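Below: one structure, written as structure tokens.
The values are calculated or read from the model by the stated rules, or taken from the named source; none is laboratory data. Computed from a predicted model, the values in this text were never measured in an experiment. Here the Cβ positions follow ideal geometry from the backbone for every residue, glycine too, while neighbour counts run over all protein chains shown.
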Amino acid sequence: MKRMTTLMIGATFMAMAVALTGNMKGKVFGAETQTTSVKTTVETTTVTPETTTKKEKKKEVPLVFKKKYKTITAGKSKKFKVNLKGVKWTSSNKKIAGVSKKGVVKAKRYGKVWLSAKVGKKVVKAKVKVLPKKVIGIDAGHQRQGNNGLEAIGPGASTKKPKVSGGTAGVFTKKPEFVLTLEIATKLKKKLINQGYKVVMTRTSHDVNITNIQRAQKLNKKCNIAIRLHADGGPASAQGASALYAPASNPYVGKLAPKSKRLSECVLNAYCEATGIRSRGLSARNDLSGTNWSTIPVTLLEMGFMTNASDDRYMSSAEGQKKMVDGIAKGIEKYFGYQ
Ligand SMILES: [Zn+2]
């Protein structure tokens, strides 16, 4: 009974508190509710001269966004706005997106960033997701151990080829092809990310066992285009770069031929221009499993001959690799019309 009375008094007080504050939704009980209601009562009963009230009201205008964006595609700019003047804009990661004094946000590369607008002590923040310009698949050709098991060279094909062949090696550097292709792939990935692309790699280490079909399928799922990186082998005098693509007559990916051919052209031309490596031109092929299983535009770049001392040395030099990567990236930019 005694307990019941206390409960009832408590409930009556609660009802009063709710009536007083007007903003209690009846879900908060106990000390917290009482404190809030008392505080509110004090505030509303305090008498202040009218001029002070006006000033205080002015000060209390909250800082809010008048214009903001949840997503911006890399390479694009959007103007953010708040309701107050004298804003100081900052970005939590300038590499992902920078912001000008006027609130113009320039999205640079794929990722998430917080933008802050500060006026006096007031701060508002907006989370912005920078979307990639495009998603690029990179297949660093080969792997430490080739896989001589067989797989169909294309969907529905009766012809079979080894799942991953061993690749060539440098006559001068003694470097295996699988090392060179991953070196270039890794640098290309970094470069493309900085240019606003998202990159998917088929492999990031040598000790993998991924067949050419699996490589194609991985990139098909997530990417807009695929770049396959390889180096050639042949007689010592043979040198230069070429780009391999599937022509319209290809029974597996023929319908991608116009796009794949143009991608091959863009990449090969920009690559040869940047490096000075001689172009051997485009090569139409029907026997490349990794290309035939592709459902996205794809090119296979033979970057040079590892069996040629000059090409081999160049492709392993720091200066050469920088130019190779710059060239491939430029070709991709050109293919998508960004340059
Ligand atoms: Zn190869």
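A few points about this structure:
Quick grid of which residues meet (1) of a type in the set (Ser, Thr, Tyr); (2) buried (at least 20 other Cβ atoms within 10 Å of the Cβ); (3) under 19 Å from the mean Cα position of the chain (by Cα):
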site: LEU150; (1), (2), (3): no, no, no
site: ILE153; (1), (2), (3): no, yes, no
site: THR168; (1), (2), (3): yes, yes, no
site: LYS174; (1), (2), (3): no, no, no
site: ALA185; (1), (2), (3): no, yes, yes
site: LEU188; (1), (2), (3): no, yes, yes
site: TYR197; (1), (2), (3): yes, yes, yes
site: ARG203; (1), (2), (3): no, yes, yes
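- Number of the exception - LYS161 against (1) assigned to a strand (DSSP E or B); (2) more than 16 Å from the ligand (Cβ to nearest atom): (2)
- Given (1) surrounded by fewer than 24 Cβ atoms within 10 Å (Cβ to Cβ); (2) in contact (Cβ under 8 Å) with a residue 60 or more places away in the chain; (3) farther than 19 Å from ASN220 by Cβ, number of the condition ILE296 does not satisfy: (3)
- The residue that is farthest from LYS106 (Cα to Cα), counting only those in region 136-150 that are in contact with a helix residue (DSSP H, G or I) (Cβ under 6 Å, 6 or more places away or on another chain) and more than 16 Å from the ligand (Cβ to nearest atom), is GLY137.
- Only a single criterion out of (1) surrounded by fewer than 24 Cβ atoms within 10 Å (Cβ to Cβ); (2) touching a Phe, Trp or Tyr at 6+ places or on another chain (Cβ under 9 Å); (3) touching a residue at least 40 places away in the same chain (Cβ under 8 Å) is not satisfied by ASP287, namely (2).
- Cβ-Cβ contacts under 8 Å between residues 6 or more apart (or on different chains), taken from a first residue in region 121-145 that is among the polar types (S, T, N, Q) to a second residue that is within 16 Å of the ligand (Cβ to nearest atom), are listed as GLN143/VAL164; GLN143/PHE178; GLN143/ARG203; GLN143/HIS206; GLN143/VAL208; GLN143/ILE210.
- Region 215-233, residues that are polar (S, T, N, Q) and either surrounded by fewer than 17 Cβ atoms within 10 Å (Cβ to Cβ) or within 16 Å of the ligand (Cβ to nearest atom) (or both): GLN217, ASN220
- Residues of region 95-132 satisfying the condition of being under 26 Å from LYS221 (Cα atoms), in a loop (DSSP other than H, G, I, E, B) and out of contact with any helix residue (DSSP H, G or I) (no Cβ under 7 Å at 6 or more places or on another chain): ILE96, LYS108, PRO132
- Output for region 164-199, where each listed residue is part of a loop (DSSP other than H, G, I, E, B), within 16 Å of the ligand (Cβ to nearest atom) and either among the basic types (Lys, Arg) or modelled with pLDDT of 95 or more (or both): THR168, GLY170, VAL171, THR173, LYS175
- Residue count, region 265-302 (criterion: part of a strand (DSSP E or B) and either over 25 Å from the mean Cα position of the chain (by Cα) or not assigned by TED's automatic domain parsing to the domain that holds GLY167 (or both)): 7
- Put simply, of ALA248, ALA236 the only residue that is within 18 Å of LEU300 (Cβ to Cβ), assigned by TED's automatic domain parsing to the domain that holds MET324, more than 16 Å from the ligand (Cβ to nearest atom) and surrounded by fewer than 18 Cβ atoms within 10 Å (Cβ to Cβ) is ALA248.
- Residue selected from region 303-315 under the condition over 28 Å from the mean Cα position of the chain (by Cα) and crowded, with 21+ Cβ neighbours inside 10 Å, by the criterion farthest from the ligand (Cβ to nearest atom): TYR314
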